[in-house]
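Every number here is computed from the coordinates shown, using simple stated rules; none is lab data. Note that the coordinates shown come from a computational prediction; the quantities given were computed from them, not determined experimentally.
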Amino acid sequence: MSANPSSQAVDLDSAPEFVNGFFALFRTSRLYNANHPAYRTQAAKFFSLLSGLWAMDGRAALETIDGHLFVNGRRLPATARASAAPGFVMELLEDHQLGGLLFAEGCQPEELEHLFFALAEAPTGLDAWTDFLTRLNIIHIVPVQLQKTPTEQLGELERQRGVARKTFVSAVSLVESSMVAVGDGKSMYQPAVKRVVRDLVDQIMEDEAALLELAALMHYDEHTYAHSVNVAVLAIAFGKRLGLDKKYLAILGFGALFHDIGKTRVPPALINKPGKLSPEEWEQIRLHPILGAIIMISSRDTDEYTAKAAEIAFMHHVSLNLRGYPQLPSQRTPGISPMIIKICDVFNALSSARVYFKEPFPPHEVIRKMVVEMRAEFDPLLLNLFIATVGIFPVGSLVLLNNGAIGIIYKTNPENIYRPQVRIIANPDGNKAGLRVVDLNERDQDTGVFSCNISRLLDLDHHRLMTSAEPLADIKPSLQ
Ligand SMILES: [Fe+2]
Ligand SMILES: [Fe+2]
């Protein structure tokens, strides 16, 4: 690799750019024939990216290893995984059971053309791919063997995580396409979005943990599309806990995905402006709920989904005490759907890095802020149930376990924030337990299932009571 500054710049940007170029060429090949100028332009761009990688490394390889995407051994940042192009490439490789594709130096534009126009009919597995490429007269593009990784051997839990990630990435991609389309004055991809929302609902109904965990890990900037999907995942899981039926959950999830769609009508420079906004700039940002509702009610196919999405977009910054925005003329109470979305939105926004605060707040601080500083904004019962849903119990929470024991959250497990260690203070028979600690992340050795679960949070006010205990010293200052 050359050390001069210009090639260094190419090096840093080349991996995501190459993945984007691959995705763009695939999309163009779906829309145009090979002689169309749009395809020719995109193919030329991709070819120059290939040439750049060959010049730098002598090869150009796209590979997936243990859930990460690599270009010539350079791993794409974790944040890229929720974007359309890396998500597509990983899905493509996974669907075809390939570890990657190697574009050897000497690859001709015709070979790229043959590959991209036949990609929809590509087979699965390394041997079948080798035959497939040979039939197409492609000799400089080589399929790479899928590497067996520990992740792939972890069984059902990991399979569910894989399915969850796929759904998550598709949802991010669809929200992005829809919001970009709406920003350009076109209509959103409603049928596809409804399908992906139903997938989210089905997966959360089956087992919410994988998606919730993903939502907890995908803490990007609150203005990214991943934020919208996080809010939808949280809202569906929360709605499930509230006993809402599958159809309502899908409608709620659809509304969650587009709660901020009004921001497509606010100048991007304002949305992403670091530092303080002027009062006039705030006024513009505060228009996004109204703009969102207008977009929803004026969309081409209006139905119960878009009607609920309009209500959610309009009300998601209105507090229970009617503070917030837009200001409402009458003393009305916000409906349950916008209140659910408001809780999920605030929770995710505080848990994410923002334009002006680069560091997200830790979970217990998020919960503390919502429960203590912002309590007048939320329905207290809903907030209580929400915290039980996300399962991020701050240290010091009093919880009832499913075996009837009562305990205090003692320590979080960094490898699974949903399964902390609990100090038992009362046994199932109601007798004092003598400060025994149970790790909720431990599984029964015979059955492989978790030995114990949290049934519910008992009393939020105990947070403050328990912070005088010695192990909780680290969070004491923030709770006073
Ligand atoms: Fe918003
Ligand atoms: Fe939001």
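How high is the relative contact order of the range 157-384, given as a whole-number percent (alpha carbon pairs under 8 Å, six or more residues apart)? Don't skip to the answer; put the middle values down first.
Numbers: 320 pairs, mean separation 41.9, N = 228.
Value for the range 157-384: 18 percent.
Rg (Å, one decimal) plus Dmax (Å, integer) for the alpha carbons of the range 239-362?
Cα only, the range 239-362: 15.0, 43 Å (Rg, Dmax).
Restricting the calculation to Cα positions, tell me the Rg (one decimal) and the Dmax (whole number) of the range 5-153 in Å.
14.7, 46
Is the shape of the range 157-384 best called rounded, prolate or oblate, per the rule: a/c under 1.5 gives rounded, else a/b larger than b/c gives prolate, else oblate, with a ≥ b ≥ c the square roots of the Cα gyration tensor eigenvalues?
Details: a/c = 1.28, a/b = 1.13, b/c = 1.13.
Rounded.
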